[in-house]
Amino acid sequence: MVRFDGSALGVLLDSTVAPQTVGFNDLTTDAAGRLYVGALAFRVFGHEPPRPAHLYCLDLDGSVRPVADGILLSNGLGFSPEGTRLYHSDSRAGLVRVYDVHADGSLGPWRPFAAVREGVPDGLAVAEDGSVWVALAGGGCVVVFAPDGTERQRLPVPLPMVTSLCFGGDDLRDLYVVTGSRGGPHDACGTVYRTRVAVPGLPQAPARVALPAAA
């Protein structure tokens, strides 16, 4: 593979490294620049029965290791402000997981952070105060959880299929929200909304994973 500028591209993670994987969904970085990537073990839109898959960590030297398992449908990922917790949406389970993060990037056993009703937990982002902002697919809103997992607020979105979100702008107080097509009018699907919020989001650390050597 070749980039548009002519430089080589390499594969960081595929089914040869992640067995029984048919694809990947959502990723994030920690402060050191490691990548955390959710795997898919079934074709989500192919009417296949769900099969649990892994969460993988791509370390700075390019090595790959599984750090969690049993995820039915991996979605949003985000670290707490101090980097000691990782939040992870499992859409088919209807909940947001939380893991304790160790110094070497490995994770402790997961535990439930928040159960989601009236929608499916999809993309998520973490704010400066430690609150966790979750897109509710089919729920028509973004739900905000306090660091202890209690629901703090719901931000209504004009279309129901709210799939992802992120913080942006110079002060990270612009909330961008993405909607998909299911349940929405044809001429307003795939919309990106922007609104101002009181709490800034966290900046996303750049990935620093070593690229594979060119063949």
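Values quoted throughout were computed directly from the atomic coordinates according to the rules given, and no laboratory measurement underlies them. From a predicted model like this one, the values you see are computed outputs, not experimental measurements. FYI the Cβ positions are ideal-geometry reconstructions off the backbone, even for glycines, and counts take in every protein chain you see.
The Stokes-Einstein estimate for the chain, based on a Kirkwood radius over Cα pairs and taken at 37 °C with 0.692 mPa s viscosity, is a diffusion coefficient of 183 µm²/s. Once the C-beta distance of ASP171 and THR84 is scaled by a Förster radius of 25 Å, the resulting FRET efficiency is 0.50 to the nearest 0.05. If only the Cβ of Lys and Arg carry +1 and only the Cβ of Asp and Glu carry -1, the dipole of the range 62-137 around its Cα centre is close to 240 debye. In percent, rounded to a whole number, the relative contact order of the chain is 15, using alpha-carbon pairs under 8 Å and six or more apart.
Averaged over residues, the count of other Cβ atoms within 10 Å places the peptides 71-80, 90-99 in the sequence 71-80, 90-99, highest first.
Charge dipole (Cα centre; +1 on Lys/Arg Cβ, -1 on Asp/Glu Cβ; no other charges) of the range 23-196 amounts to roughly 540 debye. Shown is the FRET efficiency for SER181 and ASP148, computed with R0 = 30 Å from the Cβ-Cβ distance and rounded to the nearest 0.05: 0.30.
When HIS54, HIS88, HIS47, HIS102 are sorted by how many other C-beta atoms sit within 10 angstrom of their C-beta, beginning with the fewest, the order is HIS47, HIS102, HIS54, HIS88. Judged by the ratio a/c of the largest to the smallest principal axis of the C-alpha gyration tensor, the range 18-131 counts as oblate, that ratio being 1.5 or greater while a/b is no larger than b/c.
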